[in-house]
1. May I ask you to list the residues in region 181-206 that are in contact with a Cys (Cβ under 9 Å, 6 or more places away or on another chain) and part of a helix (DSSP H, G or I)?
2. Which residues, taken from region 116-136, are more than 12 Å from the ligand (Cβ to nearest atom) and either touching a Ser or Thr at 6+ places or on another chain (Cβ under 9 Å) or in contact (Cβ under 8 Å) with a residue 40 or more places away in the chain (or both)?
3. Tally up the residues in region 150-172 that are away from the ligand (no atom under 14 Å from the Cβ) and surrounded by 21 or more Cβ atoms within 10 Å (Cβ to Cβ), please.
4. Within region 29-68, can you find the residues that are acidic (Asp, Glu) and open to solvent by 50 Å² or more (accessible area, probe 1.4 Å)?
5. Quick check on this structure: which one of Leu93, Leu14, Leu100 is crowded, with 21+ Cβ neighbours inside 10 Å, closer than 23 Å to Ala125 by Cβ and in contact with a Ser or Thr (Cβ under 8 Å, 6 or more places away or on another chain)?
6. Among all residue pairs at least 6 apart or on different chains, which show Cβ distances below 9 Å where the first residue, located in region 54-79, is within 16 Å of the ligand (Cβ to nearest atom) and the second is assigned to a loop (DSSP other than H, G, I, E, B) and aromatic (Phe, Trp, Tyr)?
Amino acid sequence: MKELKILYLYPDLLELYGDYGNIQILKYRIEKRGFKAIIDRYCINDEAPDFKSYDLIFAGGGADNEQSILAKDLFQYKDKIKEAVDNGVFFLLICGAYQLFGKYYKGVEGNIVKGLNIFDYYTEAIADRKQRCIGNIVIEATLNGKKTKVIGFENHGGQTFNIDKPFGKVLFGNGNKFSDTEEGFFLNNVIATYLHGPLLSKNPEVTDYIIKYCLDRKYNEDIVLDPLDNSFENACREQLLKTFEVPI
Ligand code: GLN
């Protein structure tokens with residue numbers, strides 16, 4: 001039986017706004033196809049993970065305080081994580097985790113949290129707790145050449161700059177910063193985004209993009225995923241897009 005190994009980083013600290021749901025949805029859609037999902041968790045001071053042995057590494061959102069708490073622990077793995085990114089391991093990074101893979105995150109108090117500097121972007125929060133990008137968001141992403149609307153919810157004070165490869169074009173909401181036209185950061189094997197929701201609950205095509213990428217890379221095949229019944233997700237999407245007056 002084909003299997004995918006998933007590493008869930010800091011489930012106790014980076015789990016803001018239900019991002020754990022992304023792990024549940026990945027597991028569900030992997031197993032519905034008859035594959036096996038192996039999920040390991042890593043918390044501060046656990047034994048160092050073998051990052052390159054995983055197919056997918058996930059980390060969710062976190063408040064400024066939690067980001068500061070884990071940053072030092074995360075930074076010790078900078079080179080191993082960079083190696084995993086360069087080797088094609090898939091990274092799904094939501095909000096706080098997205099920010100920590102850049103050069104730095106400057107929190108609302110002005111404190112600088114050193115990032116892994118794996119990507120060239122950097123993030124600075126506005127020094128006013130009331131100034132946050134909060135609300136529903138819709139972006140248009142291109143996955144395997146196919147345009148798809150990605151729907152989520154954003155809640156971040158951080159404004160992210162110096163993005164050369166955005167995850168998508170903003171159709172509704174803010175994006176990487178207030179009133180931005182771009183959201184997130186994207187490579188074939190990296191989706192870094194501000195979209196909570198959890199992200200994958202409303203976006204089955206994004207989940208299947210990730211699953212297919214990981215399977216194809218691991219088994220060196222062009223795997224065709226059995227279609228699943230997405231009627232519930234699509235009904236939710238249609239309703240949301242209508243509410244936000246974004247063409248379906
Ligand atoms: N603390 C970061 C910010 O406010 C990230 C928030 C989050 O992960 N939702 O921008």
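1. Ser201 - this is the single residue of region 181-206 that is in contact with a Cys (Cβ under 9 Å, 6 or more places away or on another chain) and part of a helix (DSSP H, G or I).
2. Selection gives Leu116, Ile118, Phe119, Asp120, Tyr121, Tyr122, Asn136.
3. To start, the set of residues in region 150-172 that are away from the ligand (no atom under 14 Å from the Cβ) comprises 150-151, 162-172.
Those still in the list that are surrounded by 21 or more Cβ atoms within 10 Å (Cβ to Cβ) too: 150-151, 163, 166-168.
Counting residues in region 150-172 that are away from the ligand (no atom under 14 Å from the Cβ) and surrounded by 21 or more Cβ atoms within 10 Å (Cβ to Cβ) gives 6.
4. Of region 29-68, the ones acidic (Asp, Glu) are 31, 40, 46-47, 50, 55, 64, 66.
Within region 29-68, Glu31, Asp40, Asp46, Glu47, Asp50, Glu66 qualify.
5. On the way: Leu14 fails: in contact with a Ser or Thr (Cβ under 8 Å, 6 or more places away or on another chain); Leu100 fails: in contact with a Ser or Thr (Cβ under 8 Å, 6 or more places away or on another chain).
None of the other options fit; the residue is Leu93.
6. That search, which allows pairs on different chains as well, returns Ala59/Tyr10; Ala59/Phe101; Gly60/Tyr10; Gly61/Tyr194; Gly62/Tyr10; Glu66/Tyr10; Leu70/Tyr10; Leu74/Tyr10.
The values are calculated or read from the model by the stated rules, or taken from the named source; none is laboratory data. These numbers come from a predicted model, not from an experiment. Note: ideal-geometry Cβ built from the backbone for every residue, glycine included; neighbour counts use all protein chains shown. Side chains are part of the model used for accessible areas, which takes the heavy atoms of the whole protein and leaves out ligands, DNA and RNA. Shrake-Rupley method; radii C 1.70, N 1.55, O 1.52, S 1.80 Å.
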